[in-house]
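Asker: Got a structure here, written out as structure tokens. Questions coming.
The values are calculated or read from the model by the stated rules, or taken from the named source; none is laboratory data. It should be emphasised that the depicted structure is a prediction, and the values quoted were computed from it without experimental measurement. Here Cβ is always computed from backbone atoms with ideal geometry, including for glycine, and neighbour counts include all displayed protein chains. Note: accessible area is taken over every heavy atom of the protein model, side chains too, but ligands, DNA and RNA are not part of it. Shrake-Rupley method; radii C 1.70, N 1.55, O 1.52, S 1.80 Å.
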Amino acid sequence: MSRQLAVDLTALRGAVNDQLASTAGAWAGGAPSVERFLRRVVADLDRMPTLSIHHAEFRHYGSGYASYVDVFITKRDGSMRSSESGWTNVEGLSLALCRLAPLAALFQPDIQSWGPGGAGTRGLPDLSSVTDTALPGWEEEYRQIGQVLDRHDIALLGSQVLSLPLEAGLRVETVLGSVPYSVFDAWFHWMD
């Protein structure tokens, strides 16, 4: 059902205006209920056998509005972490959990860095980085993420769905996408 919701014209029209597109489950309780639900999903993801949550951004990157929670997941054994000159580099997978509907997108492995005084570098979700299949070296981890999302009835969308064009005339307030807008832009957008 969530995959159908992802391309439903009425839902997409609401999503570009930051309206909740579902009335099922946590979404029936409004935005505060969705936030609590997504925190439970992140906690469940952090209990995966081979993965741990390195960072989950619930604060809209400190300003503006993000239609998703940005979750950075790395291998639990520490093999994806390195330190150099006071900076810690972590390789992992970014997962965007949509706040507007039970949808998610998983992105190709990336490296994020954290340094002294809270300094850091990280990228923002991008349609071109969406992964459709398990990548070499991440097969088991991809399977585990899928199991957790399935357990919470969250559909993991791939690039075939997310790259579909939006209806002509729909405009998305976002710094992540570009015209012409896609289904990705409707569900996963951020404006500072």
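Asker: Which one, Gly86, Gly158, Gly117, has the greatest fluctuation when you compute a Gaussian network model over the chain with C-alpha springs under 10 angstrom?
Answerer: Gly117
Asker: Kindly sort Met191, Met80 by accessible area of their heavy atoms, largest first, with the probe set to 1.4 Å.
Answerer: Ranked from most to least accessible, the order is Met191, Met80.
Asker: Which of these, Pro49, Pro109, Pro136, has the largest mean-square fluctuation under a Gaussian network model of the chain (Cα springs below 10 Å)?
Answerer: Pro136
Asker: Still on this structure, please answer the following. Name the most mobile residue of Leu12, Leu95, Leu124, meaning the one with the largest mean-square fluctuation, in a Gaussian network model of the chain with Cα contacts below 10 Å.
Answerer: Leu124
Asker: Taking the Cβ of Thr23 as the centre, find all other residues whose Cβ is under 15 Å away and add up their charges (Lys, Arg: +1; Asp, Glu: -1).
Answerer: Summing Lys/Arg as +1 and Asp/Glu as -1 gives -1.
Asker: Can you pull the one-decimal nm distance between simple spin-label points at Ser82 and Arg171, each 7 Å off the Cα toward Cβ?
Answerer: 4.6 nm
Asker: Share of the chain's accessible area from carbon and sulfur, percent, 1.4 Å?
Answerer: Carbon and sulfur together cover 51 percent of it.
Asker: Here is a further query. Once every Cα of the chain carries one equal point scatterer and solvent is ignored, give the base-10 log of I(q)/I(0) from the Debye formula at q = 0.09, 0.16 Å⁻¹, two decimals.
Answerer: Log10 I(q)/I(0), no solvent term: -0.31, -1.00.
Asker: In Å², and per residue, what accessible area does segment 1-107 have when probed at 1.4 Å with the other protein chains present?
Answerer: Accessible area per residue, segment 1-107: 45 Å².
Asker: Then there's this: When ranked by the protection proxy of mean other Cβ atoms within 10 Å per residue, highest first, what sequence do the peptides 97-107, 164-174, 178-188 form? Could you put the intermediate results ahead of the total?
Answerer: On the way: 97-107: 25.3, 164-174: 14.4, 178-188: 21.3.
Descending packing order for the listed peptides: 97-107, 178-188, 164-174.
Asker: With every protein chain kept in the model, how would you rank His189, His55 by accessible area, 1.4 Å probe, largest at the top?
Answerer: My answer, sorted largest first, is His55, His189.
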